[in-house]
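Comments concern the structure below.
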Amino acid sequence: MSEPQRIHSPELGYDLQYRVYQPEGFAPGLPTLYVTDGEAYLQSGQMAALLDNEIATGHIEPLLVVFVDSRNPDNLKENRRHKQFMCNQQYAAFYRQQLLPKIGSDYQVSADRQHRVILGFSFGAINSACFGLLLEPQFAGIAMQSPGNSQHLQLLSKMYGKTEPLALRFFLSMGTKNDNISAGRKFHRLLEQKGYPVLYQEVAFGHDWRNWKPLLPAVLRHFFARPKADPDSVGQEKSPARS
């Protein structure tokens, strides 16, 4: 894990910070996962250790993970997530114009949108769905854990309902206890009706990390599963690579 790295957003008019997870012994062209509320995923979700384990055991391919902190780097008690996450055009522009190019220049990552995913929980999950609409040329994978609240999901349902299906695939999860389950199920049905590929899961927990943390392996494996070797190709000589 890197130390916190600071970046200025002309679009938002202030600085933000992020940390980067790099796997050991990686090759160029890594896929990338962007995580909103990054510090929460690192602390409560213990995601760095999970990434180490999932890569080491071969469940997922090596990837770069950018943990974006929603807090003010000059005052960590100030969280800006409620200003940033509800389809904020300036926040999306920060990713498009500042953050993605910075990561692309600093690290050996794939520039293919098919290899880029956005993840968030609660209001951050709403942000993920917003990025599907605002940043579809940049993100192909949309990961949503317990999107809240019902009013936000109703608005997103209207927006997705009016939009022609986009080249997106989803992970969507909800808890069955005090976790906006009715609105979450309705949004799931809308996505399926629109023809979106969706991995949907419900767990018997509420709007907290007992719900979100155990589902993180499923999120990672859904988008970054290591391809299984073709048994027919075992022992066969590989064809020369084309120039």
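The values are calculated or read from the model by the stated rules, or taken from the named source; none is laboratory data. Please read all numbers here as calculations on a predicted model, not as lab measurements. Note that we place each Cβ from the backbone using ideal geometry, even for glycine, and neighbour counts take in every protein chain shown. Ligands, DNA and RNA are stripped out before the accessible areas are found, and what is left, the full protein with its side chains, is counted by its heavy atoms. Shrake-Rupley method; radii C 1.70, N 1.55, O 1.52, S 1.80 Å.
Okay, here's what the table says:
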read-out	value
Selection status of Ala229, at pLDDT 95 or above, among the aliphatic types (A, V, I, L, M) and either surrounded by fewer than 16 Cβ atoms within 10 Å (Cβ to Cβ) or over 23 Å from Glu136 (Cα atoms) (or both)	no
Restricting the range 17-45 to residues that are among the polar types (S, T, N, Q) and more than 19 Å from Val117 (Cβ to Cβ), the residue that is most open to solvent (accessible area, probe 1.4 Å)	Gln43
Test: residue in the range 124-137 that is farther than 20 Å from Trp212 by Cβ, in a helix (DSSP H, G or I), touching a residue at least 40 places away in the same chain (Cβ under 8 Å) and under 18 Å from the mean Cα position of the chain (by Cα)	yes
Single residue of the range 72-116 satisfying the filter (open to solvent by less than 60 Å² (accessible area, probe 1.4 Å) and in a strand (DSSP E or B)) that is farthest from Gln43 (Cα to Cα)	Val109
Test: residue in the range 36-46 that is in a helix (DSSP H, G or I), under 21 Å from His222 (Cβ atoms) and among the hydrophobic types (A, V, I, L, M, F, W, C)	yes
Boolean, Pro62 is outside any strand (DSSP E or B), touching a Gly at 6+ places or on another chain (Cβ under 9 Å) and either open to solvent by 30 Å² or more (accessible area, probe 1.4 Å) or at pLDDT 95 or above (or both)	yes
Some residue of the range 124-136 being open to solvent by less than 50 Å² (accessible area, probe 1.4 Å), of a type in the set (Val, Ile, Thr), touching a Ser or Thr at 6+ places or on another chain (Cβ under 9 Å) and closer than 22 Å to Thr32 by Cβ	no
Inter-residue pairs, beta-carbon under 9 Å, first within 23 Å of Ser128 (Cα to Cα) and in the range 46-69, second among the hydrophobic types (A, V, I, L, M, F, W, C) and part of a loop (DSSP other than H, G, I, E, B), 6+ apart	Ala48/Met1; Leu51/Leu63; Pro62/Phe26; Pro62/Ala27; Leu63/Phe26; Leu64/Phe26; Phe67/Met1
Search result, residues across the range 169-179 that are open to solvent by 10 Å² or more (accessible area, probe 1.4 Å) and either within 15 Å of Ser128 (Cβ to Cβ) or assigned to a helix (DSSP H, G or I) (or both)	Arg169
Which numbered condition Arg189 misses (of (1) part of a helix (DSSP H, G or I); (2) buried (at least 20 other Cβ atoms within 10 Å of the Cβ))	(2)
